[in-house]
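Each remark here refers to the structure printed beneath this line.
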Amino acid sequence: MKTLLALILTALSAGVLWANTFGGAAADSAVRILFFALCLAGLSARSIRETLLFIAASLLTVLALRGNDGWVKLFAALDLAAYFAAFIVLLTALKISAERSRSVLAVGRYLIGQPTGRRFFATASGGHILGVFLNFGAVSLMAPLIQSATKHPDGRTDTDLERRQLSALLRGFAWILLWAPTTLSQAVLLTLFTDIDMTKIVTLGIATSALMIFIGYLYDRYEWRSLPPLTEVAAPVCPWSALFKLGAICAALIGAVAVLQVTTGFTTALALMFAAPVVTVVWFLLQKPADITLRAQSARFWPVFETSAAGLARSAMALGLSGFIGRILADVLPMASLTAQLDLSVIPGWVFLASLPVLITLGGQIALSPIILVVFIGQVIQGFPILPADPTHIVFALSAGWAISMFASPNATATLLISATSNIAPTTLTWRWNLRYGAICYVVLVGIFAMLEASF
């Protein structure tokens, strides 16, 4: 079964790249069929989440086909689903190389081993930066390192240090959703909103991320102000070689994307989808042990990819079906007539922006995927005769809501990954440890929205 899944994932990814580069009805049809085949072949690999998403998508398909232009709506939703599925496969495949990289492990250990005064920034910024490469793989890598670093020699766990470090990881990682083009949020939003200022998104996102991580640090110091000073440990030796190698991988990925954008006119997301698998394979080959040939190392890649196929299939199904549901919902519900009647001109732009993170975060509390909500909200917003705010600011606000949901919702992917590693309840990681931090961040974001719209 893993071989079949690997073949379908490969064919789907190649088909989406072809369809978005050259187009053609045959390519579009093939992509839709392949996504449906993935959903069927993934029956044995999928969890309850994917099963529920598949059932919901099936019911919505029936409703869509009963309305006007049902097949047109269905094909458009399938195209979006296939695109999202291919994106997660191609970008998440970076983990295949990253998880086997001694450089990534060395950098992770270096960050976790920092003295007390630097530990929050090291963990938060490390989760943030590694998240750009590894997506959720950064959480999977660093959470076990934190667990081992918080254990005493006698086996007892320093629960206070564990809480602080895991919270730092969540707070740092979540904010990559504001700007990193390798994240799901940006892939989804850049597909929905094409007329935006990407330079502004990246600049604003990085600046806001830095601010929120700093706020997280201040909140951490305030929250633990009553603790006695800890015995300081010596800072570990900086793994300069490992940092240089990771920097080279980052530069290669960014450079390849930039070249593709300039030479072909590809969007950032599409350029990433072409560049990421090439970087993945080259990175894997560079990890060749000295005692084997390059040909032998190349032969190892497909078996490793097959081993990862089940997990990749689940992610692809979840993201694809979520995008499908969000798109179909916007078509099935009478949103066009509703948006045509709504007069948002009386509402200040910053108020509209401030409402978006609330909707996404509240939806996360009842297990509604941010992807579903963002796609649905994005489609609804597109139906407004006049946009209530600058589209670039709308993308930023939706990304911010997605980020807050990441550490404030017990159903968020990052939270579930940490919970599985640490055996700490998702509600503890979010509601007990980070909900107040999320509220503070939201207040700051409202101020940022007001300033952005005032300058618009």
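Within segment 394-408, the presence of a residue that is surrounded by fewer than 16 Cβ atoms within 10 Å (Cβ to Cβ), outside any loop (DSSP other than H, G, I, E, B), in contact (Cβ under 8 Å) with a residue 12 or more places away in the chain and small (Gly, Ala, Ser) is excluded. Of the listed requirements (1) over 17 Å from TRP175 (Cα atoms); (2) hydroxyl-bearing (Ser, Thr, Tyr); (3) touching a Gly at 6+ places or on another chain (Cβ under 6 Å), SER315 misses just one: (3).
For PRO181, indicate whether it is surrounded by 15 or more Cβ atoms within 10 Å (Cβ to Cβ), of a type outside the set (Phe, Trp, Tyr), farther than 25 Å from VAL375 by Cβ and touching a residue at least 60 places away in the same chain (Cβ under 8 Å). For PRO181, the condition - surrounded by 15 or more Cβ atoms within 10 Å (Cβ to Cβ), of a type outside the set (Phe, Trp, Tyr), farther than 25 Å from VAL375 by Cβ and touching a residue at least 60 places away in the same chain (Cβ under 8 Å) - is not met.
Going residue by residue through segment 317-334, is there one that turns out to be modelled with pLDDT under 85 and small (Gly, Ala, Ser)? Taking every residue of segment 317-334 in turn, none turns out to be modelled with pLDDT under 85 and small (Gly, Ala, Ser). Residue pairs whose Cβ atoms lie under 6 Å apart, sitting 6 or more positions apart in sequence or on different chains, and linking a residue in segment 295-320 that is touching a residue at least 40 places away in the same chain (Cβ under 8 Å) to a partner that is surrounded by 15 or more Cβ atoms within 10 Å (Cβ to Cβ) and of a type in the set (Asp, Glu), are ARG314/GLU50; MET317/GLU50; ALA318/GLU50. Residues in segment 44-59 that are within 14 Å of ALA309 (Cβ to Cβ) and part of a helix (DSSP H, G or I): SER44 only.
In segment 373-387, what residues are part of a helix (DSSP H, G or I) and either without any contact (Cβ under 8 Å) to a residue 60 or more places away in the chain or more than 14 Å from THR191 (Cβ to Cβ) (or both)? Of everything in segment 373-387, those that are part of a helix (DSSP H, G or I) and either without any contact (Cβ under 8 Å) to a residue 60 or more places away in the chain or more than 14 Å from THR191 (Cβ to Cβ) (or both) turn out to be LEU373, PHE376, ILE377, VAL380, ILE381. Of all the listed residues (ARG156, ARG171, ARG163), the sole one being surrounded by fewer than 24 Cβ atoms within 10 Å (Cβ to Cβ), at pLDDT 85 or above, more than 21 Å from SER103 (Cα to Cα) and not hydrophobic (A, V, I, L, M, F, W, C) is ARG163.
All told, GLY155 falls short of being of a type in the set (Gly, Ala, Ser) and in a helix (DSSP H, G or I).
Quick check: anything in segment 280-300 assigned to a helix (DSSP H, G or I) and under 29 Å from VAL395 (Cα atoms)? Yes, some residue in segment 280-300 is assigned to a helix (DSSP H, G or I) and under 29 Å from VAL395 (Cα atoms). As a summary of the residue check, ILE404 satisfies the conditions (1) more than 30 Å from ALA77 (Cα to Cα); (2) in contact with a Cys (Cβ under 7 Å, 6 or more places away or on another chain); (3) not basic (Lys, Arg) except for the one numbered (1).
The values are calculated or read from the model by the stated rules, or taken from the named source; none is laboratory data. From a predicted model like this one, the values you see are computed outputs, not experimental measurements. Please note: Cβ atoms are built from the backbone with ideal geometry, for glycine as well, and neighbour counts cover all protein chains shown.
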